[in-house]
1. If you scan region 88-98, which residues turn out to be open to solvent by 80 Å² or more (accessible area, probe 1.4 Å) and either modelled with pLDDT under 90 or not in a helix (DSSP H, G or I) (or both)?
2. Restrict the check to region 202-218 and report whether at least one residue is farther than 22 Å from residue 91 by Cβ, among the hydroxyl-bearing types (Ser, Thr, Tyr), in contact with a strand residue (DSSP E or B) (Cβ under 8 Å, 6 or more places away or on another chain) and crowded, with 20+ Cβ neighbours inside 10 Å.
3. Go through region 145-180 residue by residue and tally those that are part of a helix (DSSP H, G or I), hydrophobic (A, V, I, L, M, F, W, C), open to solvent by 30 Å² or more (accessible area, probe 1.4 Å) and in contact (Cβ under 8 Å) with a residue 40 or more places away in the chain.
4. If we scan region 197-205, do we find a residue that is more than 28 Å from residue 123 (Cα to Cα) and assigned to a helix (DSSP H, G or I)?
5. Return the total of residues in region 121-133 being without any contact (Cβ under 8 Å) to a residue 24 or more places away in the chain and open to solvent by 30 Å² or more (accessible area, probe 1.4 Å).
6. Which of the numbered conditions does residue 103 fail, given that it passes all the others? Conditions: (1) loosely packed, with under 11 Cβ neighbours inside 10 Å; (2) at pLDDT below 70.
7. Within the set of pairs 6+ apart or on separate chains, which have a first residue in region 68-87 that is in a loop (DSSP other than H, G, I, E, B), a second that is among the aromatic types (Phe, Trp, Tyr) and at pLDDT 95 or above, and C-beta atoms under 9 Å apart?
Amino acid sequence: MSSEPPPPGSGRPPDEDPFKKQPPPAEGGGSPYDSPPPPPGGGSPYGDQPPPYGGGDPYGSGGPYGGDPLAGMPPLADSGKRVLARILDMILVGIVVWLLSWAFGLHQYTMDTDKIKFGESFGKEVIAAVLYVAYDTVMMSRSGQTFGKKLFNLRVANLDNGSTPSLQTMLTRSLVLWLPFAFCCACIWTAIAGGWSFFDKPYKQGLHDKAAKTVVVSTG
């Protein structure tokens with residue numbers, strides 16, 4: 001049996017996610033979870049005060065990071081790199097969409113005298129929506145990365161704890177980004193949703209990130 005740990009998103013407990021934020025080490029070394037020695041005469045080492053981190057939860061009530069969800073995480077990704085990674089992913093999936101549309105005889109719009117065949121257009125839009133949503137959802141729920149993000153050393157992470165997003169979280173993120181793209185607004189919506197990260201403070205989130213409560217961080 002292999003001793004290698006399972007990859008992120010493989011169903012293991014979220015606490016085992018290697019990307020999940022860890023509390024800072026206690027001053028003077030040692031584990032931040034080490035309990036202080038009991039006082040002379042016994043009793044609670046904390047006296048009348050509650051134990052640190054809100055009673056065992058390292059991220060409870062204020063947490064060791066003073067309420068900043070980005071503390072302990074890698075730096076936020078450059079928005080320009082995010083755009084380049086997204087363009088690469090769109091090209092890769094777009095090629096597959098085109099091949100499948102060609103195989104099924106679908107075209108964007110074809111003119112037959114005065115009649116426009118909208119059915120073929122709708123079929124191509126369905127293929128595009130399914131493939132783009134599936135691509136983002138499956139790949140990023142496993143490692144937080146698509147091929148484009150791997151190339152540019154980027155990763156999607158949960159805003160609250162830095163772990164790899166769940167399948168449900170990534171599905172929400174992907175639907176918000178790709179359904180308008182496929183059925184009505186195409187590149188306009190992608191530019192608005194993704195371009196939002198250039199102006200958003202302090203987390204550089206796109207609109208799809210806000211919907212899923214995720215951020216994009218640098219891995220390199």
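The values are calculated or read from the model by the stated rules, or taken from the named source; none is laboratory data. Note that the structure is a prediction, hence the values are computed from the model and not measured. Glycine also receives a Cβ, built like all others from the backbone with ideal geometry; neighbour counts cover every protein chain displayed. We work out accessible area using only protein heavy atoms, side chains counted, and drop any ligands, DNA or RNA first. Shrake-Rupley method; radii C 1.70, N 1.55, O 1.52, S 1.80 Å.
1. As a first pass, look at region 88-98 and keep what is open to solvent by 80 Å² or more (accessible area, probe 1.4 Å): 91, 95, 98.
Within region 88-98, just 98 meets the criteria.
2. Yes, because at least one residue in region 202-218 is farther than 22 Å from residue 91 by Cβ, among the hydroxyl-bearing types (Ser, Thr, Tyr), in contact with a strand residue (DSSP E or B) (Cβ under 8 Å, 6 or more places away or on another chain) and crowded, with 20+ Cβ neighbours inside 10 Å.
3. To start, the set of residues in region 145-180 that are part of a helix (DSSP H, G or I) comprises 147-151, 167-180.
Next, only the ones that are hydrophobic (A, V, I, L, M, F, W, C) stay: 147, 151, 167, 170-171, 175-179.
This time we only want the ones that are open to solvent by 30 Å² or more (accessible area, probe 1.4 Å), so: 147, 151, 167, 171, 175-176, 179.
If we keep only those that are in contact (Cβ under 8 Å) with a residue 40 or more places away in the chain too, we end up with 147, 151, 167, 175, 179.
Counting residues in region 145-180 that are part of a helix (DSSP H, G or I), hydrophobic (A, V, I, L, M, F, W, C), open to solvent by 30 Å² or more (accessible area, probe 1.4 Å) and in contact (Cβ under 8 Å) with a residue 40 or more places away in the chain gives 5.
4. First, pick out the residues of region 197-205 that are more than 28 Å from residue 123 (Cα to Cα): 197-205.
Cutting the leftovers down to assigned to a helix (DSSP H, G or I) gives us 197-198.
Yes - at least one qualifying residue is present in region 197-205.
5. Just the residues of region 121-133 that are without any contact (Cβ under 8 Å) to a residue 24 or more places away in the chain, to begin with: 121-123, 130.
So of that shortlist, the ones also open to solvent by 30 Å² or more (accessible area, probe 1.4 Å) come out as 122, 130.
Summing the residues that are without any contact (Cβ under 8 Å) to a residue 24 or more places away in the chain and open to solvent by 30 Å² or more (accessible area, probe 1.4 Å) in region 121-133 gives 2.
6. If we test residue 103 against (1) loosely packed, with under 11 Cβ neighbours inside 10 Å; (2) at pLDDT below 70, just (2) comes out false.
7. 77/152; 78/152
Rundown of residues vs (1) over 20 Å from residue 210 (Cα atoms); (2) hydroxyl-bearing (Ser, Thr, Tyr), yes/no style:
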position: 129; (1), (2): yes, no
position: 151; (1), (2): yes, no
position: 166; (1), (2): no, yes
position: 171; (1), (2): no, no
